[in-house]
Amino acid sequence: MDDTASQKRPRRRARPLGRDLIAAEAMALVDAEGLEALSFRALARRLGCEAMSLYHYFPSKAHLVDALVDICISQTPLPPEDLPFREQIRRLCLAYRDTALRHPAFTTVFTTHRLNHRAGLAWLEGIARIYAGTGLPPERQAVLFRVLSYFLTGAVIDEALGYARGPSAAEPAPREEAAAAFPAIMALGGYFGVEHHLSMFEAGLDLILDWYDAEIARHGGGGGAAGG
């Protein structure tokens, strides 16, 4: 048997095709090889089928990406409604961070995707109801929601994709020279490592939640369990 020909053949499929299986394999492909590797042809090879078979379940790559967003949403559950507002937001943010770190190659899509499909809107509705439970006017709810979104987006993209792995200068300053010439920033650099990410994230989140508490008190909102 010709080895080259056998490598081109799709592997034998152990389970029947279905939307959940296809989406799970697509996410596994992105996790392993990056978003740029996602194609119907590559996915078909993983599933042991012809690429055209996948179009029966997902008419386009955009529909498939929506399904991957749905996976992320399902892995970022809304907190119990009977918890205090602050604890609900804390749990939601930590779950969001966990999802981003679980699928780093998909993080830019998850954080920037317009959640205007049914699953996305249902998830956002649940979050909006948490804010509504504060009793704040809708305008202030929107401000609080948006500021936290800015923090979350920047934090999880930085952690999942890594500032340290971003593009570098063509001729970076030698460490010894930088330590002598730029001591202030170099002194901070030791705290920017991965081992400090969670504590930094929680510190930033606490600052925002402290501001939330002050806003709720200033506007006379509830601040108890959402919907209470």
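The values are calculated or read from the model by the stated rules, or taken from the named source; none is laboratory data. Computed from a prediction, not measured in an experiment: that's the story for all the values here. Virtual Cβ from ideal backbone geometry, glycine too; neighbours counted across all protein chains shown. Note: areas computed on protein heavy atoms with side chains; ligands, DNA, RNA excluded. Shrake-Rupley method; radii C 1.70, N 1.55, O 1.52, S 1.80 Å.
Worth pointing out:
- Other residues whose C-beta falls under 11 angstrom from the C-beta of L38 contribute a net charge of -1, scoring Lys and Arg +1 and Asp and Glu -1.
- Heavy-atom accessible surface of the stretch 80-224: percent carbon and sulfur, 1.4 Å: 61 percent
- For L136, the residues whose amide H sits under 5 Å from its own are G222, ignoring neighbours fewer than 5 places away on the same chain, with H placed 1.01 Å from N.
- Here the chain is scanned for trypsin sites (Lys or Arg not before Pro) in DSSP loops (not H, G, I, E, B) that have at most 16 other Cβ atoms within 10 Å, and the longest stretch holding none of them is 115-228.
- At q = 0.26, 0.30 Å⁻¹, base-10 log of I(q)/I(0) for the stretch 33-72 (Debye sum, equal scatterers on each alpha carbon): -0.97, -1.14
- Inter-label distance, nm, simple model (7 Å from Cα along the C-beta direction), E171/K61: 3.9 nm
- At least 27 Å along the helix axis (C-alpha) and Kyte average at least -0.5, DSSP helices within the chain: 138-157, 197-219
- Put simply, the stretch 79-200 fits an ellipsoid with semi-axes of 36, 17, 13 Å; these come from the alpha carbon gyration tensor as the roots of five times its eigenvalues, largest first.
- Alpha-carbon Debye profile of the chain, log10 I(q)/I(0) at 0.12, 0.13, 0.14, 0.15 Å⁻¹: -0.82, -0.91, -0.98, -1.05
- Rounded accessible area per residue of the stretch 111-228, 1.4 Å, Å²: 64 Å²
- Sorting V194, V109 on solvent-accessible area from highest to lowest, probe radius 1.4 Å, gives V194, V109.
- Cβ-defined net charge surrounding L136, 14 Å radius [Lys, Arg +1; Asp, Glu -1]: +2
- Per residue accessible area in Å² of the stretch 20-103, where ligands, DNA and RNA are left out and the probe is 1.4 Å: 47 Å²
- For the stretch 148-164 versus the stretch 10-70, the gap between their alpha-carbon centres in whole angstrom: 27 Å
- Sorting W123, W211 on solvent-accessible area from highest to lowest, probe radius 1.4 Å, gives W211, W123.
- Within the assembled protein chains, the solvent-accessible surface assigned to Y57 is about 60 Å², based on a 1.4 Å probe.
- From its DSSP helices (H runs of at least four residues, each -39,500 (n - 2.57)), the chain gives a residue-normalised ellipticity at 222 nm of -19500 deg cm²/dmol.
- Distance-filtered residues of the stretch 20-40 - backbone nitrogen under 16 Å, label point 7 angstrom along S53 Cα→Cβ: 20-26, 40
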